[in-house]
């Protein structure tokens, strides 16, 4: 049975059977619990944590990255590392909008429009949306924030022939899917997407307020109307410390 190691006045579980990164990660979680830190409370500096936990800065940073991926903590560019709140859960088998998921979790979702314009269809979009080269596409890039924290950056492309004039709407305030259905009578039937893990670029890191190279989820997919007609193609970069994904498996 593993005992308890005393470091100053703090008691840590004996994690000597773990690799250094996992051992330090366990100790950070113990530190959070024993100091009764709440969501958004700041952790000590790297220097202080290294001293308290008796570890090197390299191992500490590796442990912090792991805990960020697991959603235990999050980092804010130039500000430090903080205890993460409970993450928003998105069901991979459900087309529920992010705004509905946020309301269900009693979280406040806000949106910043980064770019919105009519563009011409290129080769990639032609393949993804089954449109001819040069067709008009409505391009919308948004930053989604949960309780004021940047959580997801999304880039979406819509077949403009289905929604002419849609550029007049303010999608920092309005739902684009509701607008498509209620104003343009576009019936959304189903979607398909892929989920993978990548690392943020410097520009993405600035917008999401995380360090360059932070692991994030990358999602790409299509939304279809009846008859497999593509309505939308989208790409999203999602902070792993803010949103987690679930799936129900059936036999």
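Label point of residue 86 set 7 angstrom out along Cα-Cβ; within the range 21-44, amide nitrogens under 13 Å from it belong to 39. The order of 64, 149, going from fewest to most other C-beta atoms within 10 Å of their C-beta, is 149, 64. If you plug the beta carbon distance of residue 224 and residue 19 into 1/(1 + (r/R0)^6) with R0 = 35 Å, you get a FRET efficiency near 0.20. Both radii were evaluated on the Cα set of the chain; the Rg over Rh quotient, with Rh as the Kirkwood radius, amounts to 1.06. If I fit a long axis through the Cα atoms of helix 20-34 and take the longest principal axis of the Cα atoms of the chain, what angle between them do I get, 0 to 90°, rounded to 10? Helix 20-34 sits roughly 90 degrees off the main axis of the chain.
Sorting the segments 168-179, 24-35 by their mean number of nearby beta carbons within 10 angstrom, highest to lowest, gives 24-35, 168-179.
Each label point was placed 7 Å from the Cα along the Cα-to-Cβ direction; for residue 117 and residue 35 their separation is 4.6 nm.
The C-alpha atoms of the chain define a longest principal axis, and helix 57-70 lies at about 50 degrees to it. For 74, 199, the sequence from fewest to most other C-beta atoms within 10 Å is 199, 74. Applying 0.36 nm per residue to the separation of residue 130 and residue 212 and subtracting their alpha-carbon distance, the gain on full extension is 26.1 nm.
Principal semi-axes of the equivalent ellipsoid, √(5λ) from the alpha carbon gyration tensor of the range 166-251, are 28, 20, 11 Å from largest down. Comparing 51, 70, 23, which has the greatest mean-square fluctuation in the GNM of the chain with Cα pairs linked when under 10 Å apart? Result: 51 has the largest fluctuation of those listed. Extension gain for the segment residue 103 to residue 196, taken as residue separation times 0.36 nm less the Cα-Cα distance, is 30.9 nm to one decimal.
Ordering 210, 237 by the number of other Cβ atoms within 10 Å of each residue's own Cβ, fewest first, gives 237, 210.
All of the numbers you see were taken from the coordinates with simple rules; none came from a lab. The shown structure was predicted, so the numbers you read here are calculated from the model rather than taken from an experiment. Here Cβ is always computed from backbone atoms with ideal geometry, including for glycine, and neighbour counts include all displayed protein chains.
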